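Input: a single structure, listed below in structure tokens.
The values are calculated or read from the model by the stated rules, or taken from the named source; none is laboratory data. For clarity, every value in this text was computed on a predicted model and none was experimentally measured. Every residue, glycine among them, receives a Cβ derived from its backbone with ideal geometry; neighbour counts consider all protein chains shown.
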Amino acid sequence: MIDRTKHLTTILPITTSLLLLLVPTLPAASPKPPPEPRFQFQDGDRIVLIGNTLVERAQRFGYLETALLARLAPLKLTFRNLGWSGDTVFAESRGIFDNPAKGYQRLLQHVARLKPTVLILGYGSNESFDGPKGLPRFLEQYRKLIADLKSRSEPPARVVILTVPPQQLPGLRRLDTTPLFTTKTKTKTKTKTKTNRSPEATPRFSRFFIDSTVARNRQINQFNTDLANFARHNRLAVLDLNAPFQRLQSQRPSEDRLLFTVDGRALDSTGYQILASAVIDQLYPLGSLTVHLADNQPPRVTGPLAIQRASYRDGRLVLATRPGRFVLRVHGLDKKRYTLKINQQDFGNVSAKELSAGISPSMSNPPDGLAKLREAVIAKNRLYFHRWRPQNTTYLFGFRKHEQGNNAKEIAQFEKLVAENETEINRLKHQVLNRITIQPAG
């Protein structure tokens, strides 16, 4: 018989040893950076995501945006993704046919139009190839980028820094990029031409010569340490995207190395699900969901995920909650054993005493409505991508606009389509719910 209770964690009273761990300790002699601010989304927030491949690809999968919208359904939130694959804090990928400085200015102009209240920034992966010597230049430019972005927002946006996930494969394969030179040898009958590599030339791409995944991730870890310190010193929120993936790799070392990426570097669908869960867990730790039962009274449900949709009849309790991890406590049940199901996942039999003390279910089945919400989010992201990065941008806005520039006015019409999709998103997010059933066993 399968023991389904292994997916439950019983919450026990705090012991004396744990209380000792909670006693404040004396401050260290050396000064510490100020603690990172606890970030909270607010009603009406306009969230803009900016960064490299990590950020741009997030819109294709939609997991992070979907998770935040479902978890924070009562809040009105909008998301715009301005990620650009291969980008750096210097906007080196955004120039198109111009130099990076022009791409940098276009980014600032677009942000000024969006007027974000929250900036989620994901940089450092490409810059980390330069190693420790590249850190000062990277952080100096990151500071400037943040200041420039905040000056284009109204009011100055709150900033969230994303750290760099680890890689599952090292950098690019070793490339022979030394310059070529040609020598000619004449004979009586013909001239022979031979092409050789310059023996004293230095490879231009030597910074990519990382043969070991361990060595590559050591680079990333160094950047993440300094990135977290940079965020704290500047009173910016920081989200750790490295540790969750490192834990997965350590738990499953014998499996295929591509656990969460398509090529050892870029996250795949599984990777973005892990990322979304990591962000939610850091912003919204395990919360309490408490149900109070009393004779001739409707069930009273409290907690950050609670909604007042509960019924209790003939010993059977049915309720719904918003998505998220929680400790479930039910007070007032008769002293017997009960079966617990959440989203059709069977957690076996539990006693009324265990339910009163609190249990933390490890849920694997997604809540109702989540897939439909994600589909709507991905459709909206696709429309907005065409709004701000039209495929034929050179003909519409670039050096060939004299040919088709008259069609540029049509790009703004994507705004109406995006707005229609967001109306549907706001409807669907309220339908994403965990369904919980507790009834007498047997």
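Within the stretch 299-333, how many residues turn out to be in a strand (DSSP E or B) and under 25 Å from residue 428 (Cβ atoms)?
Applying the first criterion (in a strand (DSSP E or B)) to the stretch 299-333 yields 300-302, 306-313, 316-321, 326-331.
With the extra rule that they be under 25 Å from residue 428 (Cβ atoms), the set shrinks to 301, 306-311, 318-321, 326.
Qualifying residue count, the stretch 299-333: 12.
Check residue 327 against each of (1) at pLDDT below 95; (2) closer than 30 Å to residue 245 by Cβ and name the one condition it does not meet.
Of (1) at pLDDT below 95; (2) closer than 30 Å to residue 245 by Cβ, only one is false for residue 327: (1).
What is the one condition in (1) in the same structural domain as residue 158 (by TED's automatic domain parsing); (2) in a loop (DSSP other than H, G, I, E, B); (3) at pLDDT below 95 that residue 83 does not satisfy?
Failed condition: (3).
On the basis of being of a type in the set (A, V, I, L, M, F, W, C), surrounded by 12 or more Cβ atoms within 10 Å (Cβ to Cβ) and in the same structural domain as residue 63 (by TED's automatic domain parsing), does residue 276 make the cut? Can you show your working first?
Numbers: of a type in the set (A, V, I, L, M, F, W, C): yes; surrounded by 12 or more Cβ atoms within 10 Å (Cβ to Cβ): yes; in the same structural domain as residue 63 (by TED's automatic domain parsing): yes.
Against the criterion (of a type in the set (A, V, I, L, M, F, W, C), surrounded by 12 or more Cβ atoms within 10 Å (Cβ to Cβ) and in the same structural domain as residue 63 (by TED's automatic domain parsing)), residue 276 qualifies.
Report the residue count in the stretch 246-298 for those that are touching a residue at least 40 places away in the same chain (Cβ under 8 Å), in a loop (DSSP other than H, G, I, E, B) and either touching a Pro at 6+ places or on another chain (Cβ under 6 Å) or hydrophobic (A, V, I, L, M, F, W, C) (or both).
So the answer is 6.
For residue 58, indicate whether it is among the small types (Gly, Ala, Ser), assigned to a helix (DSSP H, G or I), within 13 Å of the chain's Cα centre (by Cα) and under 17 Å from residue 272 (Cβ atoms).
On the way: among the small types (Gly, Ala, Ser): yes; assigned to a helix (DSSP H, G or I): yes; within 13 Å of the chain's Cα centre (by Cα): yes; under 17 Å from residue 272 (Cβ atoms): yes.
The answer is yes for residue 58.
Of the numbered conditions (1) touching a residue at least 60 places away in the same chain (Cβ under 8 Å); (2) in a loop (DSSP other than H, G, I, E, B); (3) over 21 Å from the mean Cα position of the chain (by Cα), residue 76 satisfies every one except a single condition; which is it?
Single failed check for residue 76: (3).
From the residues in the stretch 334-390 that are assigned to a helix (DSSP H, G or I) and among the hydroxyl-bearing types (Ser, Thr, Tyr), which one is nearest to residue 434 (Cα to Cα)? Explain how you work it out, then say what you get.
Filtering the stretch 334-390 for residues assigned to a helix (DSSP H, G or I) gives 352-357, 370-388.
Checking the rest, the ones that are also among the hydroxyl-bearing types (Ser, Thr, Tyr) come to 356, 384.
Values: 356: 20, 384: 30 Å.
By that ranking, first place goes to 356.
Can you name the number of the only condition in (1) assigned to a loop (DSSP other than H, G, I, E, B); (2) modelled with pLDDT under 95 that residue 18 fails?
(1)
Are any residues in the stretch 228-287 within 17 Å of residue 217 (Cβ to Cβ) and polar (S, T, N, Q), and if so, which ones?
242, 246, 249, 250, 251, 261
Those residues that are at pLDDT 90 or above, of a type in the set (Asp, Glu) and surrounded by fewer than 20 Cβ atoms within 10 Å (Cβ to Cβ), I need them from the stretch 92-134; list them, please.
Hits for the stretch 92-134 are 92, 130.
I'd like to know if the stretch 224-232 contains one or more residues that are outside any strand (DSSP E or B), more than 18 Å from the chain's Cα centre (by Cα), at pLDDT 95 or above and of a type in the set (A, V, I, L, M, F, W, C).
Within the stretch 224-232, one or more residues are outside any strand (DSSP E or B), more than 18 Å from the chain's Cα centre (by Cα), at pLDDT 95 or above and of a type in the set (A, V, I, L, M, F, W, C).
Just to be sure, is residue 386 touching a His at 6+ places or on another chain (Cβ under 9 Å) and surrounded by fewer than 18 Cβ atoms within 10 Å (Cβ to Cβ)?
Values: touching a His at 6+ places or on another chain (Cβ under 9 Å): no; surrounded by fewer than 18 Cβ atoms within 10 Å (Cβ to Cβ): yes.
The answer is no for residue 386.
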